[in-house]
Each structure stands twice: as C-alpha cells, then as structure tokens.
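K.L.:
Below is a structure I'd like to ask you about.
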Amino acid sequence: MDKDNVLILGIETSCDETSAAVVSNGRNVLSNIIASQIDLHKEYGGVVPEIASRKHVELILPVIDSALKKAEVTLKDIDAIAVTYGPGLVGALLVGVSAAKALAAALDKPLVSVHHIEGHIAANYITHAQVEPPFICLVASGGHSHIVYVKDYLNFEILGRTRDDAAGEAFDKIARVLDLGYPGGPVIDKKAKEGNPQAFHFPRVKFHDAPYDFSFSGLKTAVINHINHARQLKEEYSVEDICASFQQAVIDVLVDHTVLAAKDYKVKTICIAGGVAANSLLRDTMEKRASKKGIGVFYPTPVYCTDNAAMIAAAGYYSYLAGEFAEDTLNAVPSLPIGSNHKGCE
C-alpha cells in the first residue's frame, strides 16, 4: 500500500450490531460487514444487554475476518484500528475494545478511539464526498437525539439534546404498544404512509431557555394514553392514523429545531445521521423546510444510518491524521460525552 492510501480497520459493537469494516482515506468503503442481532432481541421487544454481549463475543473475530477478506487486504496492510469505546452498552463495548486493543498490540499498529455519535456524523462523509465541516448535524437514533455543531472534523459542540427519551426510543415504545414489533421506526414509517398525519394533534414540546433541546416523553405518554383510552372504551381506532400523527409530531420537532440551529449559526449545510435518518418523512420534511432558508441537506444511505463499522473507520481516519491515538489502557465508557477525546472541543 502506498502512503497516500490510509487503510483503517473499524470495529463497532456498541449495541446489537457486530460490525467490522475497512475504509480507505476516510471515505472509500472497501468492506462493511454487519452481523445484526435484531431477530435475537425481537421477542423481548428491545435489546437485552447480556444477550448482546455474548453474541458479540461469538461473532467479533469471524466478522473481522470477513471484512478483511472482502476488502482483499491483510492485517499487515492496515494502518490503524479504530473502535467505538462509548457511549453504549458497557458489556457490548468491551468486546469491540478488547478485540481492537489485542489487534493493535499484536500488529504494533496505532489504536484510535471513536465516539459513537462522531461515527454517525462521519457516515455522511462516506455517502457524500463533497460534505465538509462546518455544518449542523441532527443525530437521531434509538439512544441519541442530538443537534451537533460540527466546527471541524475533530471539533464538536452539542447545541441540543433530548431531556428524556430519544426519538428512536419513542418510535420503539409506540410500536410496542401498538403490537407492531421491534424495531419500531421502519414499521411506523410504513404504516404512517397509509394514515392521516392530521388525525390527532399530539404535543410538540419546546423549551424557551434551550430552543434546540428535545423532549419526547410527553408525546409518548399522550399517544399511549390515547390508545389505552380507546381500548378501555372498546372504540375502534386507526393504527395508521396514530402512526402518522405521532410520526408527524416527532419530525416537526426534529426538523424545526435543526433548521433553527443552522439559521442561528449561519451554516449552509445540515446533515442527518443515526437510525432515524432513514425515516422518509424526516428526509423529505428536512429538505423542504431547509431549502426555504437556502440550506442544503445531506443524509447517509440507509445501511450507514444504523450502527456500522464503516462510519467508525471514517471518523477514526481524521483522528489518525491528527495523531490522536489511544493508550493500551483504553476502556469502554458507556456514558461518554461527545468530543471528550479531542482537544479544543466543547
């Protein structure tokens, strides 16, 4: 491999996907292997941490081998190993961190620690070569709802965050109450297309002291109360209308707050990341409302919206270029603040 071609092996095990990827120069994905555990956790209606950890142990080495094989490279060709070390489920994170540390030590290669949210942000670099900081990024998933000001590749400022449930978490809980299965996001998105988003007016929470913050707990409770009330009175209700009205409420808040942040911080680019970034209404609404303000919108292809190692390798590339390497004492940090492993971050 020539020096201009930096190969990063990415490893991601923060929740219920075991993933390894090889990415060249932070944007060219040579392989991205994802072993999902969705079917394993479906019967429980959500991820069971102990089951997830055990499955990661079983899958991590075969997944890494598959990533190298598909990329047609060997471990000797790899320039650095990048791994998610937080936030996430501590047992799951430890599997990936342990594997990455062992490989880095055995191969005498640099070890790069990556924040999971920074990985989601970097997924946009893979899909859109023209995307460069500064920009505003909405990161929305089952565990996160953040508005991040990406000042540079390694410089982030959290502008807004959820004060309770994450957007994806709310989708999962409403889907569970409606007996739609797990995960809830894709099925609610599908059902909503057949419903009336104006059928019910569910609450949209705003904070005057923190205009970019989110709260979905009240919305979730309002929807659940509506469903329970109808069931108690044995009234018929439209699942499609509930899904459409609920989804519209979530999307209105996500989009309004993100566009406001972009306007206030005078940036011309908005990126969307995380599992909820695959939501069709979120994409369409963000593009329509942002375009009225002269702001461009980018989002990853669906495979890079959910947890994957290619995004971790992409984020790790910029730490590698900056010489930001982790010590061999690296540990999992389940509640890791964004930007904590970079200098000059807020």
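K.L.:
How much FRET efficiency would the formula 1/(1 + (r/R0)^6) give for Leu107 and Ser280, where r is the Cβ-Cβ distance and R0 is 56 Å, rounded to 0.05?
P.N.:
Numbers: r = 42 Å, r/R0 = 0.76.
That gives a FRET efficiency of 0.85.
K.L.:
By its C-alpha gyration tensor, with a ≥ b ≥ c as the square roots of the eigenvalues, how is the range 36-161 shaped: rounded for a/c under 1.5, else prolate for a/b larger than b/c, else oblate? Please report the intermediate quantities before stating the final value.
P.N.:
Details: a/c = 1.89, a/b = 1.15, b/c = 1.65.
Here the range 36-161 falls in the oblate category.
K.L.:
What ranking, highest mean first, results for peptides 87-94, 50-57 when packing means the other Cβ atoms within 10 Å averaged over each residue? List each step's numbers first, then the result.
P.N.:
Details: 87-94: 22.4, 50-57: 18.2.
Order by mean packing, descending: 87-94, 50-57.
K.L.:
Further, regarding this structure: Taking 56 Å as R0, compute the FRET efficiency from the Cβ-Cβ separation of Leu233 and Asn331 and round it to 0.05.
P.N.:
Values: r = 53 Å, r/R0 = 0.94.
That gives a FRET efficiency of 0.60.
K.L.:
Determine the gain in length on full extension of the stretch Val303-Asp179; use 0.36 nm per residue of separation and subtract their C-alpha separation, reporting nm with one decimal. Walk me through the numbers on the way to the answer.
P.N.:
Working: separation 124, 0.36 × 124 = 44.64 nm, distance 2.55 nm.
Answer, rounded to one decimal: 42.1 nm.
K.L.:
If you don't mind, another one. Can you list the lysines whose alpha carbon sits under 20 Å from that of Lys42, skipping same-chain ones fewer than 8 residues off?
P.N.:
Reachable lysines: Lys55, Lys173, Lys190, Lys191.
K.L.:
So, one more: Bin by bin, in steps of 10 Å, what percent of the Cα pairs in the chain do you find, going until the bin that has the longest distance?
P.N.:
Using 10 Å bins, I get a P(r) of 6, 26, 33, 23, 10, 2, 0, 0 for the chain.
K.L.:
Would you mind calculating the gained length between Asp65 and Leu321 on full extension (0.36 nm times residue separation, minus the Cα-Cα distance), in nm to one decimal?
P.N.:
Details: separation 256, 0.36 × 256 = 92.16 nm, distance 2.53 nm.
In short, 89.6 nm is gained.
Here, each number is a calculation from the coordinates, and none is a lab measurement. Nothing here was measured: the structure is a model prediction, and the numbers come from that model. Don't worry about glycine lacking a Cβ; one is built from the backbone with ideal geometry, like all the others, and counts go over all protein chains shown.
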